[in-house]
Amino acid sequence: MLADLARLAWLSVKERAGRAALAAFGVFIAFLALSVALSIGEMVKQEVEQAFQQLGLNTVWVIAGSVPLTDADAATASAALGGRAMVVPISGEPGRLRLPDGSESGVTVFYVPPEYVELLVPREAMRSGQRYVGGSLVLINHNIRMAGDKPLGPGTPVAFVRLDGGVADFVVAGTFELTTGVMVNAGVFADAALTARREYFMLYIVTESPQAAERAAERLRPYFPEAQIFSPQTLARQVGQFASTVQLGLGALAGVSTVVTAMWLYDTMAISVLQRTREIGIMRAVGYKRRHVIAMLILEALIIVGVGIAAALPVLAAMSMIPMPLGPGMYLHLLATPGVVLASAALVVAVNILGVLAPAYRAGRLNIVDALRYE
């Protein structure tokens, strides 16, 4: 029976190809608009997640306010977290780096305890030499180069000229290029023992998980009321919630086209039922039940909606492959995931089926005698 109803529904769609094509085009627009809106939301959420993962979702940054942080503050933070997190005190000093060829480059030297260098400079960030600081040995950013774009190799002597005119002689132990983490713009890492000032602009805290980082940030706030306590995990969650709200808003705006399409399909089916009153009466007279008539009209709507969605899928795939310029050298792509496509298709199908239920129900309720007499 279902096969017969499907065949009748297809023949009806073919007989009214012009009106069905217009309705399918409306579905095409509605599905495409909704999919693009949801894909933009998914794209934004993914970019936000990746950006904050680069900062380290399991970290907490305690940034000094008007008063620098001290060793006592580092000990306080470690005690407040029960010793379950690594607390790295970081101090910095701006100045100029004098290179062997006489050229200079403005840098900030970050002084860190040697045992924590591996937390700040992952192995994959190394470009040459050893991942080590100690004594006069330092790590230097790979982008700091001599004239003619000549790189600084391991063993190269450099001089750091402080703002007060003092000079510290360094030797390059290795070069790095950070693309992630809080120290992504670092110029030089040096041994904390090289600075006599035990004052820090930041405590970099590494916890066991992103959830632990959120809890650690909340626990530390009472101890450091004047400092800025920043957790990438907390900010990522807040930004993610905002992105979800934006995605919902975009979906709601795009959903308006789906409602308009459903009204269009309602009008199409209502006219179709009116034109086929006698045909429906004959179907009922030869044994088709009311539910069969309703099912046939719903199948017609599903065919129209299916054609519109099928036509939109290759267009959506092509749009997903076209880069969207965001800035100089920065491009994004629509993230049309299977979940987005299925959700959009399900919503479009559901709304349009609701749109044809009323005319389908009226068709099923037609009086057989009156329908056969209809001219």
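Helical content of the chain, expressed as a calculated mean residue ellipticity at 222 nm, amounts to -18000 deg cm²/dmol (DSSP H runs of 4 or more residues, -39,500 (n - 2.57) each, divided by residue number, nearest 500). In order along the stretch 127-141, the phi-based Karplus estimate (6.51 cos²θ - 1.76 cosθ + 1.60, θ = phi - 60°) of 3J(HN,Hα) comes to 9, 6, x, 10, 8, 8, 10, x, x, 8, 6, 9, 9, 10, 4 Hz; Gly and Pro are listed as x. Size of the chain from its Cα atoms: along the principal axes, largest to smallest, the extents are 107, 51, 32 Å. Scaled to the globular estimate 2.2 N^0.38 Å, the Cα spread of the stretch 143-190, given as radius of gyration, is 1.26.
Sorting 277-287, 162-172 by average packing, meaning the other beta carbons within 10 Å per residue, from highest down gives 277-287, 162-172.
Each residue of the stretch 37-44 in turn: what ³J(HN,Hα) in whole Hz from Karplus with 6.51, -1.76, 1.60 and θ = phi - 60°, glycine and Pro shown as x? Here the 3J(HN,Hα) series is 4, 5, 5, 4, x, 5, 4, 5 Hz. With the highest mean first, a sort of the peptides 351-362, 312-323 on other beta-carbon atoms found within 10 angstrom per residue produces 351-362, 312-323.
Remark on Gly134: its backbone amide H falls under 5 Å from those of Asp191, a criterion applied only to residues 5 or more positions apart or on other chains, H modelled at 1.01 Å from N. Across the stretch 1-156, Cα-Cα distances exceeding 26 Å account for 60% of all pairs. Once the dipole of the chain is set up with Lys and Arg at +1 and Asp and Glu at -1 on Cβ about the Cα centre, which of Met146, Gln275, Pro232 lies farthest towards its positive end? Checked the options; the winner is Gln275. Taking each residue as 0.36 nm, the span from Ala21 to Arg278 lengthens on full extension beyond its C-alpha to C-alpha distance by 90.1 nm. Which of the lysines could be linked to Lys289 by a straight reach, that is with a Cα gap under 28 Å, when you skip same-chain ones fewer than 8 residues away? Qualifying lysines at Cα under 28 Å: Lys14.
Taking only Cα atoms, what is the 0 to 90° angle, nearest 10, from helix 338-364's long axis to the longest principal axis of the chain? With both axes taken from Cα atoms, the answer is about 20 degrees.
If you model the stretch 67-196 as an ellipsoid using its alpha carbon gyration tensor, with each semi-axis the square root of five times an eigenvalue, the axes come out at 27, 17, 12 Å, biggest first.
Rounded to the nearest 10 degrees, the angle from helix 210-220 to the longest Cα principal axis of the chain is 60 degrees.
Every number in this text was worked out from the coordinates using simple rules, so none of it is lab data. What you are looking at is a predicted structure, and each value in this text was computed from that prediction instead of being measured. Positions of Cβ are backbone-derived with ideal geometry, glycine not excepted, and every protein chain shown enters the neighbour counts.
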